[in-house]
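K.L.:
Once you've had a glance at the structure underneath, I'll fire off some questions.
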Amino acid sequence: MGQEVLTTSADKIKQMKKHYHACLEKTPQGAVFRAKTPYAVITAYHSGKVLFQGSQPEKESTQWKDSSASTQAAKAKPSSSIDTAIFQKSHIGSDESGTGDYFGPITVAAVFADEVQQVQLKQMGVEDSKHLKDDAIHRIAQEIIQLPISYTILKLGNEKYNHLQLKGWSQGKMKAMLHHHAIDKLIEKLDGTNYDGIVIDQFCEPAVYKRYLNSEALKLHEKTTFITKAESHSINVAAASILARARFVTAMDKLSQEAGITLPKGASGKVDKAAANYIKSHGEQQLGHVAKLHFANTNKAKKYLH
Ligand code: MG
């Protein structure tokens, strides 16, 4: 059992809490949050101290050391590393869905649209999927795929997700691999068509993303730009967010239908109750077929059973 201690800002702790949202545990008194990953238990305190304890605490702590250093560098040179011109050029955009939802798969979509098609996407009302209701998502997704644009959509089902998670993969690594493969497949589809770059909606530090790829002997595609809230900069990322969400919603509808229970989206108390109902009618063994088992919802659901 090892231990690492880090002192960081309240902002960074907020970011960490968001990063570990899928593996949060009960918050101890005086702490901001506690999360458990296969490598460490992470406890952040209001003092700014963050404790990493477990078999390989450095696997978690390192990424935050990296990022605090790069944050300082970024502050010194505001956004100079991002080539904003790429958003207006022909590029590939990718985004994911389902990562904060207890039930259902993770989906990732990558979209390529040239300058002319980007204007068409804008005219269709393409925007971040988070602002759109399910019926609008489906309608716009249908319109998007009718354009002569190229896209790929990948889905990581719950069984495979749970298998990888038990193997020690973080959700971040799963997302990185899905983005990479979606982009890879899209480049193959483009069959030599020129694109000026790739924009990925940033969910972790680029250095961490690269490390995930390297751990599976993969290399980051050239001309890749990471940016947070990418859907507000790149219409192609916004279109990808809609395609990913539409696939997620379709998968959820199918899972609900098969289960005979409406499986709610998100990870709220409503979700705990639905999980308890699912266990009652299908047995606990089956839960991994529809849910991301390492979320705190699994234990919360079990409390409804007694
Ligand atoms: Mg995103």
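K.L.:
Which net charge results when you count Lys and Arg as +1 and Asp and Glu as -1 among the other residues whose beta-carbon is under 13 Å from that of Q88?
P.N.:
Working: positive: K89, K122; negative: D83, D114, E115, D196.
Once positives and negatives cancel, what remains is -2.
K.L.:
Taking the highest mean first, how do the peptides 249-256, 192-199 order by number of other beta carbon atoms within 10 angstrom per residue?
P.N.:
Numbers: 249-256: 18.0, 192-199: 16.0.
Packing proxy ranking, top to bottom: 249-256, 192-199.
K.L.:
Quick one: net charge around K26, please, counting Lys, Arg +1 and Asp, Glu -1 for every other residue with C-beta under 13 Å from its C-beta.
P.N.:
Details: positive: R34, K36, K300, K303; negative: E25.
My count for the surroundings of K26 gives +3.
K.L.:
From the square roots a ≥ b ≥ c of the eigenvalues of the alpha-carbon gyration tensor of the chain, which class results: rounded (a/c under 1.5), prolate (a/b over b/c), or oblate? Present the calculation step by step, with values, prior to reporting the outcome.
P.N.:
Working: a/c = 1.95, a/b = 1.16, b/c = 1.68.
Because a/c hits 1.5 or more and a/b fails to exceed b/c, the chain counts as oblate.
K.L.:
With +1 on each Lys and Arg Cβ and -1 on each Asp and Glu Cβ, and nothing else charged, work out how big the dipole of the chain is about its Cα centre, in Debye to the nearest 20.
P.N.:
Working: 40 positive and 31 negative charges, 241 e Å.
Dipole size: approximately 1160 debye.
K.L.:
Just from its helices, what would the mean residue ellipticity at 222 nm be for the chain, if runs of 4 or more DSSP H residues each count -39500 (n - 2.57) and the sum is divided by every residue, rounded to the nearest 500 deg cm²/dmol? Numbers along the way, then the final one.
P.N.:
Details: 10 runs with 136 residues, N = 306.
Rounded to the nearest 500, the figure is -14000 deg cm²/dmol.
K.L.:
A further question follows. Work out how much length K189 to Q123 would gain on full extension: take 0.36 nm times their residue separation and subtract the Cα-Cα distance, in nm to one decimal.
P.N.:
On the way: separation 66, 0.36 × 66 = 23.76 nm, distance 2.52 nm.
So the extension gain works out to 21.2 nm.
K.L.:
Which whole-Hz couplings ³J(HN,Hα) result when phi for each residue of the stretch 152-163 is put into the Karplus expression 6.51 cos²θ - 1.76 cosθ + 1.60, θ = phi - 60°, listed in order with x for Gly and Pro?
P.N.:
9, 10, 10, 10, 10, x, 5, 4, 5, 4, 5, 5
K.L.:
Let me check the size of the stretch 156-204 from its C-alpha atoms; what are the radius of gyration and Dmax in Å?
P.N.:
13.6, 40
K.L.:
For E115 and L166, what does the FRET efficiency come to when R0 = 35 Å and r is the distance between their Cβ atoms, rounded to the nearest 0.05? Write out the running numbers ahead of the final one.
P.N.:
Values: r = 45 Å, r/R0 = 1.28.
Calculated transfer efficiency: 0.20.
K.L.:
I'd like to know which of Q202, I145, V116 lies farthest towards the positive end of the charge dipole of the stretch 70-219, counting +1 on Cβ of Lys and Arg and -1 on Cβ of Asp and Glu.
P.N.:
Q202
K.L.:
So for the chain, averaging the separation of alpha carbon pairs under 8 Å that are six or more residues apart and normalising by length, what relative contact order in percent results?
P.N.:
Values: 514 pairs, mean separation 69.0, N = 306.
Dividing the mean separation by the residue count of the chain yields 23 percent.
K.L.:
Another question, then. With the Cα gyration tensor of the stretch 181-298 giving a ≥ b ≥ c as the square roots of its eigenvalues, does the rule (a/c under 1.5 for rounded; else a/b larger than b/c for prolate; else oblate) give rounded, prolate or oblate?
P.N.:
Details: a/c = 2.40, a/b = 2.09, b/c = 1.15.
Because a/c hits 1.5 or more and a/b exceeds b/c, the stretch 181-298 counts as prolate.
Rule-based calculations on the coordinates, nothing more; no lab input. Source: prediction; values computed, not measured. Virtual Cβ from ideal backbone geometry, glycine too; neighbours counted across all protein chains shown.
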